[in-house]
Each structure stands twice: as structure tokens, then as C-alpha cells.
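Trainee: Okay, handing you the structure first.
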Amino acid sequence: MNIRAATADDGEPAALVLRRSIAELCGRDHENDPALLASWLANKTAEHFRDWVRAEDTLCLVAEGDDGAILGVGLMSRSGEIRLNYVSPDARFQGVSSALIRAFERGAAQLGVARLTLNSTATAHRFYLARGFRDEGQPQTGRLRENIYPMAKVLSQTEA
């Protein structure tokens, strides 16, 4: 697996990974509610992905397999907010999301950012806890069926 900066050419396959990951792996959060799922997927399009790639205030990454297929998609603001971290259902439990987190930690260190933040779904909450993130404040209710967990991780010098 290779983690690299995303390009505009990744738009279609990356959007497919995002959409499949949400639809197939985040059922606990959307409970297959068509309106809720449609709302969550609304901006997970190739064109929105290309906008994220072109944005100067974000770091957009993809994880690709040995065959070049996109296995995961991640997006982090240059201030250290992880906005996307999704894995293809075909690559679940193969370390893709963990590799994206490590890449964000390295990127944050290069940018001089000492703390990562994110809003975790209920589905991913345990994953982030296991990677050193801690809950920050009370879970938030919102557009998903389950709570959203504000989380943060302080980066140490050894993670740079």
C-alpha cells in the first residue's frame, strides 16, 4: 500500500470509495435511512473531491494498493482537523485508515501542527480511541442517528 497526495484524476474512484464506505460500513450511523444517507453522500462526488484536492488549505491523501486501486481517502485541514478518513469496504481491516492517520500525523508535524482534531462517527469512535485520540467534550447530536464524538490527539516529537 502507498499513501500519496491525491490528484484531480483520482476524483471518480475516490468518490466511489467515499460513497461505498459510508453506505456499506457506517450503517450504525445512518441506519439505512434514505434521506439521512442522501444528505451524508451529497458532497461525496468526484467534483467535490477535485475541489478538496485543489484547495490550498487542505491535505488530501489517497491510499492505493499495489495494483493502483484507491483503497482509502483522507482529508485534513492545514490546521490539523481531519475531515475525511474512509476506507473501501474491500480493504477493511487491512490497515488503510491507520496508514492515513500516520500520514496525517507526519503532515501535521511538517506544518508545525501539534494537535489533530476530528469529529468521529459512532462507527469509528473505538478506532480513533485505539490510535491515541481522546474524547474532547460531550458527544454531539446532529444529522446522524448516533452521536458525533469531538476528539483530539496531541502529537509528540517522536511521531514527527
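Throughout, read-outs are computed from the coordinates displayed, never taken from laboratory work. The shown structure was predicted, so the numbers you read here are calculated from the model rather than taken from an experiment. Every residue, glycine among them, receives a Cβ derived from its backbone with ideal geometry; neighbour counts consider all protein chains shown.
Trainee: How long is the gain from Asn119 to Arg131 if the chain were fully straight, where each residue apart is worth 0.36 nm and the alpha carbon distance is subtracted?
Mentor: 2.9 nm
Trainee: Add -39500 (n - 2.57) for each DSSP H run of 4 or more in the chain, then divide by its residues: what number comes out at 222 nm, to the nearest 500 deg cm²/dmol? It would help to have the intermediate numbers written out before the result.
Mentor: Working: 6 runs with 58 residues, N = 160.
After summing the helix terms and dividing by residue count, I get -10500 deg cm²/dmol.
Trainee: Full extension from Thr45 to Asp67: what is 0.36 nm times the residue separation minus their Cα-Cα distance, to one decimal in nm?
Mentor: Residue separation times 0.36 nm, minus the Cα-Cα distance, leaves 5.6 nm.
Trainee: Here are a few candidate values for volume of the Cα convex hull per residue in Å³: (i) 143; (ii) 106; (iii) 121. Which one was actually calculated from the structure I just gave you?
Mentor: (ii)
Trainee: Compute, for the chain, the length of the dipole vector about the Cα centre, with Cβ point charges of +1 (Lys, Arg) and -1 (Asp, Glu) only. Units Debye, rounded to 20.
Mentor: 440 debye
Trainee: Just going by the charge dipole of the chain, with Lys and Arg at +1 and Asp and Glu at -1 on Cβ, which of Val154, Thr123, Asn32 is farthest out on the positive end?
Mentor: Checking the options against the dipole of the chain, the answer is Val154.
Trainee: OK, next. Relative contact order (percent) for the stretch 56-160, with alpha-carbon contacts under 8 angstrom and 6 or more residues of separation?
Mentor: It rounds to 21 percent for the stretch 56-160.
Trainee: Classify the stretch 63-153: rounded, prolate or oblate, from the alpha-carbon gyration tensor (a ≥ b ≥ c, eigenvalue square roots; a/c under 1.5 rounded; otherwise prolate if a/b is larger than b/c)?
Mentor: Oblate, because a/c is 1.5 or more while a/b does not exceed b/c.
Trainee: Of all GluC sites (Glu not before Pro) in the stretch 54-125, which ones are in loop regions per DSSP and have a Cβ with at most 15 other Cβ atoms within 10 Å?
Mentor: Here the sparse-neighbourhood loop sites are Glu56.
Trainee: Scan around Leu84 for amide H atoms under 5 Å from its own, H built in the peptide plane at 1.01 Å from N, and keep only partners 5 or more places away or cross-chain.
Mentor: Leu75
Trainee: Order of 16-23, 41-48 by packing, highest average Cβ count within 10 Å first?
Mentor: Numbers: 16-23: 19.8, 41-48: 14.4.
So the order, starting with the most tightly packed, is 16-23, 41-48.
Trainee: What does the extension gain come out to for Ala8 and Leu36, with contour length at 0.36 nm per residue minus their alpha carbon separation?
Mentor: Here the segment from Ala8 to Leu36 would lengthen by 7.3 nm.
Trainee: Grab the other residues whose beta carbon is less than 14 angstrom from that of Ala5, score K and R as +1, D and E as -1, and report the net.
Mentor: Overall, the nearby charge balance is +1.
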